[in-house]
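Reading through the structure tokens given below for one structure.
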Amino acid sequence: MRSWSSPDVPVLPAGGPVVRVHDTATGELVETRPEGPARLYVCGITPYDATHMGHAATYVAFDLLNRAWRSAGHEVRYVQNVTDVDDPLLERATRVGVDWVELAERETELFRHDMEALRVLAPDHYIGAVESIPLVIDLIQRLQEAGAVYQVETDLYFSVTADPAFGDVSGWDRETMLRVFPDRGGDPDRPGKKDPLDCIVWRGERDGEPAWDSPFGPGRPGWHIECSAIALEHLGSAFDVQGGGSDLVFPHHEMSAGHAQVASPGERLARAYAHAGMVAYDGEKMSKSKGNLVFVSALRNSDVDPMAIRLVLLRHHYRSDWEWTDAQLWDAVDTLDSWRKAFSLGAGAPSGPVVEAVLAALADDLDAPTAVAAVEAWVAATLGDHGLADTSDRDAAATLLPVLDAALGLAL
Ligand code: 5CA
Ligand code: ZN
């Protein structure tokens, strides 16, 4: 499917440091050591509603990783999916009386515009679930050959016990898995299942639902296998980072990793699993199902500077859970005003240490708040807290602006 247009990224003269990210599977910061291009898979939207600030925060987080790798001199191969057929999308389409294909296309198009406005670099491969059905079928057949698939009525399930490493991505115990599973698309109580945690890989056709032919009868892909199949096809196994929000740790990333590992024993899906914190609004996780949403497109339509939205997101560490408030947006608008004023002077406080601090912070588990604080300190010194501006660096703006653009995605 069509991706969106990437903004140009200025090429920085000095190479940035080695990039470290927090890996959920080990609970540790790990150094990424890409062999050839750095390979990144980030779970994409289920397009039944517009992009909210939670989505935006997650995609901006992994955009920082993409940018940090580029700053470190790596090429990046970036893949993202679109879950363009799944239960929530079909339910919403039925409820509002629109064709599910139309709904998915409309919301995906809105998402592309939101990503462009926020200067999120586009994936090289932007792949829908529907167009990946042949890949899903192949992967299910490999799982069948490994004896990891069984049938319940017209549905096919993946046996989690077939994966000796099951549980390694989340590190969760069985009790926690069982508690969370039903809220995240699982069906632990379905009669006929071998293990309550087994997940659907092929859902047989139901009345009124779309279905595609397959060797297992008409139906559609399960959710987790969609991401395994797309990632393996476009990145291969043991790619550098799989990313998504922390609500995907279990079951989604656990199961996707399980499918890949059982299909190719001894190989892991990703080397690191990175997760962004949840953005809340009005006291609860922002979610399409709860409806407590702040949409990127609504702010864009009211002429809010998308760079101010991006700055609000950057001021929170990607791994923290936080709550969106409008006050943070107005504060970011004011901050950008002062930044633009400082940069319009051309000269300013010494820029070298700021460049270093920004690149070091982002390479250190995408620490955007520390990077932003370094810029704020430079702006304060340049504008002069007490009217005594420090303008000792004649080329400060010319040095810093491309770094803000390349590393933070902020074009002023
Ligand atoms: N299509 C699947 C992934 S394959 C999906 O989870 N779609 S989604 O539209 O529900 O979410 C898209 C991305 O936004 C996921 O990475 C999800 O973890 C993240 N996300 C959803 N809600 C929030 C939130 N409130 N805060 C931060 N990230 C969120
Ligand atoms: Zn996914």
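Values quoted throughout were computed directly from the atomic coordinates according to the rules given, and no laboratory measurement underlies them. Computed from a predicted structure; not experimentally measured. Please note: Cβ atoms are built from the backbone with ideal geometry, for glycine as well, and neighbour counts cover all protein chains shown.
Highest mean packing comes first when the peptides 402-411, 56-65, 177-186 are listed by Cβ atoms within 10 Å, giving 56-65, 402-411, 177-186.
Straight-line reach from K288: taking Cα to Cα under 21 Å and skipping same-chain neighbours fewer than 8 places apart, no lysines fall in range. Calculated mean residue ellipticity, 222 nm, the chain: -12000 deg cm²/dmol, from DSSP H runs (n ≥ 4) at -39500 (n - 2.57) each, averaged per residue and rounded to 500. Go ahead and run the numbers for FRET between D183 and E209, Cβ-Cβ distance against an R0 of 25 Å, rounding to 0.05. The formula returns an efficiency of 0.70 here.
Stretching the chain fully between D138 and Q151 yields a gain of 3.0 nm (0.36 nm per residue, less the alpha carbon separation). For GluC sites (Glu not before Pro), the sites in the range 1-59 that DSSP calls loop and that have at most 15 other Cβ atoms within 10 Å are E35. Over the range 160-265, what relative contact order in percent results from Cα pairs under 8 Å that are six or more residues apart? Relative contact order, the range 160-265: 33 percent. Using a Gaussian network model of the chain in which every pair of alpha carbons under 10 angstrom is joined by a spring, one finds that among W223, W172, W202 the greatest mean-square fluctuation is at W172.
Placing dummy labels 7 Å off each Cα toward the beta-carbon, the span from T176 to V96 is 3.5 nm. For the chain, the mean projected area of the C-alpha convex hull, equal to one quarter of the hull surface, is 20.1 nm². Remark: the range 281-408 carries a charge dipole of roughly 380 debye about the Cα centre, counting +1 on each Lys and Arg Cβ and -1 on each Asp and Glu Cβ. Working note: Cα gyration tensor of the range 281-408, eigenvalues times five, square-rooted, sorted largest first, giving semi-axes of 30, 16, 12 Å.
Packing-based ranking of 117-126, 391-400, 248-257 yields 248-257, 117-126, 391-400, ordered from highest to lowest mean Cβ neighbour count within 10 Å.
When you restrict to C-alpha pairs under 8 Å that are six or more residues apart and normalise by the size of the chain, the relative contact order lands at 21 percent. Paramagnetic label reach from E131 (point 7 Å along Cα→Cβ; backbone nitrogen cut-off under 18 Å): within the range 1-18, residues 1-6.
Only Lys, Arg, Asp and Glu carry charge here, each on its Cβ (+1 for the first two, -1 for the last two); on that basis the range 20-276 has a dipole of about 640 debye about its Cα centre.
Rounded to the nearest 10 degrees, the angle from helix 352-363 to the longest Cα principal axis of the chain is 10 degrees. Restricting attention to the chain, close to 50% of DSSP beta bridges with both partner residues there are antiparallel.
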